[in-house]
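Heads up, the thing below is written out as structure tokens.
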Amino acid sequence: MFNLNSLLRENIKNLKPYSSARDEFKGEASVYLDANENSLGSPLTKWYNRYPDPLQWKVKEVLSSIKKVNPENIFLGNGSDECIDILFRSFCEPKKDNVIICPPTYGMYEVSANINDVEVRKASLTSDFQLDLIHLENLADANTKIIWICSPNNPTGNSLNRADIETVLNNFNGLVVVDEAYINFAKQKSFVQELADYPNLIILQTLSKAWGLAALRLGMAFASAEIIAVMNKVKPPYNINQATQELVLKALEEVGQVNDMIKELVDMRDALIEVFKEIPIVEKVYPSDANFILVKIKNARKVYEFMLTKGIVLRDRSNVKLCEDCLRVTVGTEKENTLLVDAIVHYIQQS
């Protein structure tokens with residue numbers, strides 16, 4: 001049986017969180033003399049001299065309407081990377097606990113584990129980039145606190161089998177984090193609506209990809225109210241700044257525009273896949289449910305370096321297990337995609 005309290009680090013159970021001025025007073029007032037702010041204003045705007053809402057309730061209320069989940073089930077982080085780090089600091093005892101990742105996958109799971117001195121166990125994906133359930137089961141033990149699953153996966157681009165993820169959720173008593181950074185580009189539906197069925201489920205999403213707000217650094221975690229309460233207990237008091245909150249609220253009014261961009265990017269992705277399939281030096285184009293494509297190409301490193309001479313930056317994944325001789329290509333604008341294909345043709349002609 002899943003027991004959240006048994007997963008928590010002892011120091012986190014006993015932690016008395018920092019109480020900011022904005023935590024102790026909630027509501028409206030005419031005079032604020034509680035937070036040692038500059039009462040004369042700021043060079044930018046008179047509003048930025050005040051600390052922001054530490055729990056970002058206005059943003060969460062709008063997200064609640066869009067995502068169909070209660071605000072109490074939402075945590076906002078300074079990028080998804082903060083959400084990842086807080087989960088390690090809340091649930092993983094350094095030098096004692098371990099987590100499982102499924103490479104090739106997003107690199108920050110392992111980096112954050114190493115920063116927090118937590119053992120990383122690796123259940124590599126199968127040759128078709130799916131979960132190896134037997135390997136996962138064999139790696140897990142009493143000190144395994146978190147299994148990290150990225151779907152659609154980065155850098156491979158494919159969605160993982162939903163039934164396999166459900167199997168993990170049903171058979172593992174620790175936390176299962178499903179990172180859905182690219183879910184808006186996929187046909188597979190999000191796990192957000194499954195929170196009531198899985199108390200051990202945490203979903204990560206972001207506004208960096210489909211919403212085009214990478215510079216604002218806003219990541220989202222969706223989980224039970226109990227898990228979200230733990231994350232709020234551990235986070236810094238004002239982790240999302242006022243400017244980000246304001247700009248995000250404005251962007252969230254444009255759901256229709258975002259849906260149009262998603263459709264355009266998916267159409268260009270599919271068209272680019274077909275073009276890559278016709279290029280002689282391309283050995284394989286992997287299926288993608290993201291806004292990027294993983295391409296196996298002859299002499300990938302050489303192609304990568306040639307692209308740099310043309311001012312085109314790709315991501316060389318050749319040194320990643322199961323991604324040998326692969327380049328990861330983000331879907332650009334129509335003009336950028338044309339420049340990329342033309343540069344590859346030029347490379348072939350001069351080789």
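Within segment 114-121, does at least one residue satisfy the condition of being part of a loop (DSSP other than H, G, I, E, B) and in contact (Cβ under 8 Å) with a residue 40 or more places away in the chain? Looking through segment 114-121, none of the residues is part of a loop (DSSP other than H, G, I, E, B) and in contact (Cβ under 8 Å) with a residue 40 or more places away in the chain. Condition check for N239 on (1) closer than 29 Å to L131 by Cβ; (2) touching a strand residue (DSSP E or B) at 6+ places or on another chain (Cβ under 7 Å): one failure, at (1).
Note on segment 130-149: among residues that are closer than 14 Å to I101 by Cβ and touching a Leu at 6+ places or on another chain (Cβ under 8 Å), the one that is surrounded by the fewest Cβ atoms within 10 Å (Cβ to Cβ) is D132. Just a yes or no: is a residue in segment 180-187 surrounded by fewer than 20 Cβ atoms within 10 Å (Cβ to Cβ), of a type outside the set (A, V, I, L, M, F, W, C) and not in a loop (DSSP other than H, G, I, E, B)? Among the residues of segment 180-187, not one is surrounded by fewer than 20 Cβ atoms within 10 Å (Cβ to Cβ), of a type outside the set (A, V, I, L, M, F, W, C) and not in a loop (DSSP other than H, G, I, E, B), which makes the answer no. Annotation note: of L160, L247, L265, the sole residue that is surrounded by fewer than 19 Cβ atoms within 10 Å (Cβ to Cβ), touching a residue at least 12 places away in the same chain (Cβ under 8 Å) and either in contact with a helix residue (DSSP H, G or I) (Cβ under 9 Å, 6 or more places away or on another chain) or farther than 23 Å from P52 by Cβ (or both) is L247. Just give me the residues in segment 5-16 being surrounded by fewer than 14 Cβ atoms within 10 Å (Cβ to Cβ) and either part of a helix (DSSP H, G or I) or in contact (Cβ under 8 Å) with a residue 40 or more places away in the chain (or both), in sequence order. Listed by number, the residues that qualify are N5, S6, E10, N11, K13. The residue pairs whose first member lies in segment 288-314 and is closer than 14 Å to L339 by Cα, whose second member is at pLDDT below 95 and not in a loop (DSSP other than H, G, I, E, B), and whose beta carbons are closer than 9 Å, counting only pairs six or more residues apart or on different chains, are F306/Q350.
Residue-wise test of (1) assigned by TED's automatic domain parsing to the domain that holds L76; (2) at pLDDT below 95; (3) under 18 Å from P287 (Cβ atoms); (4) part of a loop (DSSP other than H, G, I, E, B).
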{"position": "P104", "(1), (2), (3), (4)": "yes, no, yes, yes"}
{"position": "D128", "(1), (2), (3), (4)": "yes, no, yes, yes"}
{"position": "A142", "(1), (2), (3), (4)": "yes, no, no, yes"}
{"position": "V177", "(1), (2), (3), (4)": "yes, no, no, no"}
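Here the strands (runs of 3 or more DSSP E) wholly within segment 242-351 that include at least 3 residues being farther than 21 Å from D179 by Cα are 282-285, 292-297. Going by the conditions given, is E24 under 15 Å from A223 (Cβ atoms) and assigned by TED's automatic domain parsing to the domain that holds A215? For E24, the condition - under 15 Å from A223 (Cβ atoms) and assigned by TED's automatic domain parsing to the domain that holds A215 - is not met.
Among the conditions (1) assigned to a loop (DSSP other than H, G, I, E, B); (2) under 22 Å from A290 (Cα atoms), the only one that K95 does not satisfy is (2).
Scanning segment 318-345 for residues that are over 17 Å from L272 (Cα atoms), more than 22 Å from the chain's Cα centre (by Cα) and either in the same structural domain as Y106 (by TED's automatic domain parsing) or surrounded by 12 or more Cβ atoms within 10 Å (Cβ to Cβ) (or both) returns S318, D325. Restricting segment 165-192 to residues that are over 12 Å from the mean Cα position of the chain (by Cα) and among the charged types (D, E, K, R) leaves a set whose member that is nearest to N143 (Cα to Cα) is E166.
Within segment 65-101, restricting attention to residues that are without any contact (Cβ under 8 Å) to a residue 40 or more places away in the chain and closer than 21 Å to V192 by Cβ, the residue that is surrounded by the most Cβ atoms within 10 Å (Cβ to Cβ) is P71.
Residues checked against (1) in a loop (DSSP other than H, G, I, E, B); (2) small (G, A, S):
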residue: G27; (1), (2): yes, yes
residue: E37; (1), (2): yes, no
residue: Y48; (1), (2): no, no
residue: V59; (1), (2): no, no
residue: C83; (1), (2): no, no
residue: V99; (1), (2): no, no
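Could you identify the single residue in A229, A251 that is under 22 Å from the mean Cα position of the chain (by Cα), under 30 Å from L175 (Cα atoms) and of a type in the set (G, A, S)? Step by step, each of A229, A251 is checked, and only A229 is under 22 Å from the mean Cα position of the chain (by Cα), under 30 Å from L175 (Cα atoms) and of a type in the set (G, A, S).
The values are calculated or read from the model by the stated rules, or taken from the named source; none is laboratory data. The shown structure was predicted, so the numbers you read here are calculated from the model rather than taken from an experiment. Virtual Cβ from ideal backbone geometry, glycine too; neighbours counted across all protein chains shown.
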